[in-house]
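Student: Below is one structure. I have some questions about it.
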Amino acid sequence: MSAVALLLLLACSKTVPVGAPVPRHPDVPERPEDLVAHDTLFTPPISTDYRHELPGGIPVFIVPGRDIPLVDITLDFAAGEYLETPGQYGIADLTGTAMRSGGAGDLSPDALEDELAFLAADVTSAVSMNRATVSINCVTENLDACLALLVDIVRRPRFDADRLALSAGDKVERMTRRNDNADNIATREWQAMLYGRNHPEARYATAATVQSITRDDVVAFHSQVFHPGNLVIGVSGDVEPADILEQLAAALDGWKPLERAEDPPAPTHEMTPGLYHIEKDVPQAKVRIGMRGPQRSDPDAVPLLVMSQIVGGGTFTARLMKRIRTEEGLSYGAYATMQPEIYYPGEYTTEFQTRSATTALAVKIAFEEFRRIRDEPVSDEELAGAKATLLTQIPRAFASRDSMVDIFVSETIHRRSPSYYADVLAEIKAVSVADVQRVAQKWVRPDEMSILIVGNWDDVARGDAEGRADMSGFFAGKVEHLPLLDPLTMEPIE
């Protein structure tokens, strides 16, 4: 900035004296609860407007944009970790990593890295719970070469033995740190309590399962997941739909499909209500409270999202945040999430962290709010605020071409209706005060919830110094102390 410009800036600026109130725009309310929600005019894009098909029926979603000379192509497969078999837990993650790092086609691992660097292309590959993805981002002028590399990585991964061993070693090394973070411990054990330790949502690889995986095992798992029967393609950026469809058809020609993978299995485990604890020397206790919830297809799913937003949606007007953080100063944040799953019932979970001495008080407040949402109708202001928050989240999900494509691909993989988001918007708007109380009474059942605490039990159990709450007030003081698991074997530490 020139000296003249700086002088002009200083001359035009207004100095606010230290300690003086900051001027507030007259249209901005003094408090968050005074905000007025306006109806959204957003209409979600419909996937059928962007859908194409390759020979053989492979769906392709294309959202073109010629403003920047970049192209994103993603090959998504409707399969994932849930296909792992006992004795091979960890193979999904290992396969996803090795596809990218282990070379492809005629290129060794190092040669593949050099070629991608030369083309200024970024490739990622991963296998998650119920989806496997390989994607490339590249400049338009290199699209032909980059598409050929992407297809080689998917169809002809080399799975170099040395790189595979290195990936397995890295995975085992990361396992050694599983117990370093109390949040990780709480999440791991909570999933086991909800779904059962042998369900894909809660099972974990061990050093033994990873080290027993051979290259042949990885090749077999890759063949099971990465084939046209599971495939949905997403393209965004600087392309002409007709041209990229022709290129994709040529690149995938001759690739024989298998049957689409079976859907993830529903859990058979039943959560047992109670108070559970894992000993860990941490400055703040990690707390999970909750129970199983609905499936996404349940007609109560949307009203429950509104209800959950009112109780613990993470905003400063949500009840748990107001009471546990703002009024009592017990935690930086308290959240309650209604998470319906696609293929089976999901969960309703409240989580926060707080000092050991105030854990019982925070838990007591949470249960007071669970009962209040059942017993008392919410206010019109709370309902309007929660609905406004949720209604603004859907437009943001469509904010970029990449995110639009991802939504359309997910919609197809999970067999959702093309009108899903439009339907959700309409359902959110239609939720009433009576709906919130009805679904709360049906799904929020405090007596059937479980509490999991990771922390110093002696300090947690005695409660706060003022005697407002201690852990004897929950489940008649009966607590089950769960063992900390060995990070490599996932067996209890003696």
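The values are calculated or read from the model by the stated rules, or taken from the named source; none is laboratory data. Remember, it's a predicted structure, so these values are computed and weren't measured experimentally. Virtual Cβ from ideal backbone geometry, glycine too; neighbours counted across all protein chains shown. When the accessible area is computed, the model is the full protein with side chains, heavy atoms only, and any ligands, DNA or RNA have been set aside. Shrake-Rupley method; radii C 1.70, N 1.55, O 1.52, S 1.80 Å.
Student: Please tell me if HIS222 is touching a Pro at 6+ places or on another chain (Cβ under 9 Å), crowded, with 20+ Cβ neighbours inside 10 Å, touching a residue at least 12 places away in the same chain (Cβ under 8 Å) and not small (Gly, Ala, Ser).
Tutor: Working: touching a Pro at 6+ places or on another chain (Cβ under 9 Å): yes; crowded, with 20+ Cβ neighbours inside 10 Å: yes; touching a residue at least 12 places away in the same chain (Cβ under 8 Å): yes; not small (Gly, Ala, Ser): yes.
Taking the combined requirement at face value, the residue satisfies it.
Student: Any idea which of GLU270, GLU189 is without any contact (Cβ under 8 Å) to a residue 24 or more places away in the chain and within 25 Å of the chain's Cα centre (by Cα)? First the steps, then the outcome.
Tutor: Numbers: GLU189 fails: without any contact (Cβ under 8 Å) to a residue 24 or more places away in the chain.
When all the criteria are applied, what remains is GLU270.
Student: Restricting attention to the range 200-217, which residues are more than 18 Å from the chain's Cα centre (by Cα) and in a loop (DSSP other than H, G, I, E, B)?
Tutor: First, the residues of the range 200-217 that are more than 18 Å from the chain's Cα centre (by Cα): 205-217.
The answer is ALA205, THR206, ILE213, THR214.
Student: Kindly provide the set of residues from the range 384-427 that are of a type in the set (A, V, I, L, M, F, W, C) and open to solvent by 50 Å² or more (accessible area, probe 1.4 Å), ordered by number.
Tutor: Within the range 384-427, the first condition is being of a type in the set (A, V, I, L, M, F, W, C), and the residues that meet it are 384, 386, 388, 390-391, 394, 397-399, 404-405, 407-409, 413, 422, 424-426.
Hits for the range 384-427 are ALA399, ALA426.
Student: Tell me yes or no: at least one residue of the range 467-478 is within 29 Å of ASP67 (Cα to Cα) and open to solvent by 50 Å² or more (accessible area, probe 1.4 Å). So that I can check it myself, show each step before the final result.
Tutor: Taking the range 467-478 as the starting set, the residues that turn out to be within 29 Å of ASP67 (Cα to Cα) are none.
No.
Student: Checking the structure you have, find out if any residue of the range 183-191 is touching a strand residue (DSSP E or B) at 6+ places or on another chain (Cβ under 9 Å), crowded, with 16+ Cβ neighbours inside 10 Å and β-branched (Val, Ile, Thr).
Tutor: Yes, the range 183-191 contains a residue that is touching a strand residue (DSSP E or B) at 6+ places or on another chain (Cβ under 9 Å), crowded, with 16+ Cβ neighbours inside 10 Å and β-branched (Val, Ile, Thr).
Each row is one residue, and each column tells you yes or no for (1) of a type in the set (A, V, I, L, M); (2) at negative phi.
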{"position": "THR97", "(1), (2)": "no, yes"}
{"position": "GLY103", "(1), (2)": "no, no"}
{"position": "LEU112", "(1), (2)": "yes, yes"}
{"position": "ALA145", "(1), (2)": "yes, yes"}
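Student: Could you tell me which residue of the range 289-316 is nearest to SER432 (Cα to Cα), considering only residues that are of a type in the set (Ser, Thr, Tyr) and open to solvent by less than 60 Å² (accessible area, probe 1.4 Å)? Break it down stepwise before answering.
Tutor: Start the filter on the range 289-316 by keeping residues that are of a type in the set (Ser, Thr, Tyr), which leaves 297, 308, 315.
Imposing the further condition that a residue be open to solvent by less than 60 Å² (accessible area, probe 1.4 Å) reduces the set to 308, 315.
Values: SER308: 14, THR315: 20 Å.
Among them, the one singled out is SER308.
Student: Can you confirm whether the range 226-248 contains a residue that is at pLDDT below 95, at positive phi and of a type outside the set (Ser, Thr, Tyr)?
Tutor: If we filter the range 226-248 for residues that are at pLDDT below 95, which is where we start, we get none.
No: zero hits.
Student: Could you list, in sequence order, the residues of the range 259-287 that are surrounded by 13 or more Cβ atoms within 10 Å (Cβ to Cβ) and under 19 Å from ILE58 (Cβ atoms)?
Tutor: Listed by number, the residues that qualify are ARG260, ALA261.
Student: Here is a follow-up. Taking the condition open to solvent by 10 Å² or more (accessible area, probe 1.4 Å), assigned to a helix (DSSP H, G or I) and over 22 Å from LEU83 (Cα atoms), does GLN247 pass?
Tutor: On the way: open to solvent by 10 Å² or more (accessible area, probe 1.4 Å): yes; assigned to a helix (DSSP H, G or I): yes; over 22 Å from LEU83 (Cα atoms): yes.
Spelling it out, GLN247 is indeed open to solvent by 10 Å² or more (accessible area, probe 1.4 Å), assigned to a helix (DSSP H, G or I) and over 22 Å from LEU83 (Cα atoms).
Student: Could I ask something else about it? Conditions: (1) farther than 30 Å from SER135 by Cα; (2) at pLDDT 65 or above. ARG66 meets all but one. Number of the miss?
Tutor: Unmet condition: (1).
Student: Then there is this: For the structure I just gave you, tell me whether GLU381 is under 30 Å from TYR82 (Cα atoms), open to solvent by 40 Å² or more (accessible area, probe 1.4 Å) and of a type in the set (D, E, K, R).
Tutor: On the way: under 30 Å from TYR82 (Cα atoms): no; open to solvent by 40 Å² or more (accessible area, probe 1.4 Å): yes; of a type in the set (D, E, K, R): yes.
It is false that GLU381 is under 30 Å from TYR82 (Cα atoms), open to solvent by 40 Å² or more (accessible area, probe 1.4 Å) and of a type in the set (D, E, K, R).
Student: Follow-up. Taking GLY346 as the residue in question, decide whether it is surrounded by fewer than 19 Cβ atoms within 10 Å (Cβ to Cβ) and either small (Gly, Ala, Ser) or touching a residue at least 60 places away in the same chain (Cβ under 8 Å) (or both). Can you show your working first?
Tutor: Details: surrounded by fewer than 19 Cβ atoms within 10 Å (Cβ to Cβ): no; either small (Gly, Ala, Ser) or touching a residue at least 60 places away in the same chain (Cβ under 8 Å) (or both): yes.
Taking the combined requirement at face value, the residue does not satisfy it.
Student: Looking at the range 283-293, is at least one residue closer than 30 Å to SER356 by Cα and over 25 Å from the mean Cα position of the chain (by Cα)?
Tutor: yes
Student: While we're on this one: Identify, from the list ALA430, ALA434, ALA360, the residue that is open to solvent by less than 60 Å² (accessible area, probe 1.4 Å) and among the small types (Gly, Ala, Ser). Even if it seems obvious, please write down each step before you answer.
Tutor: Working: ALA430 fails: open to solvent by less than 60 Å² (accessible area, probe 1.4 Å); ALA434 fails: open to solvent by less than 60 Å² (accessible area, probe 1.4 Å).
Of ALA430, ALA434, ALA360, the one residue that is open to solvent by less than 60 Å² (accessible area, probe 1.4 Å) and among the small types (Gly, Ala, Ser) is ALA360.
Student: From the list SER128, SER101, SER135, pick out the single residue that is closer than 14 Å to PHE159 by Cβ and either out of contact with any His (no Cβ under 8 Å at 6 or more places or on another chain) or at pLDDT 95 or above (or both). Walk me through it before giving the result.
Tutor: On the way: SER128 fails: closer than 14 Å to PHE159 by Cβ; SER135 fails: closer than 14 Å to PHE159 by Cβ.
Exactly one of SER128, SER101, SER135 is closer than 14 Å to PHE159 by Cβ and either out of contact with any His (no Cβ under 8 Å at 6 or more places or on another chain) or at pLDDT 95 or above (or both), namely SER101.
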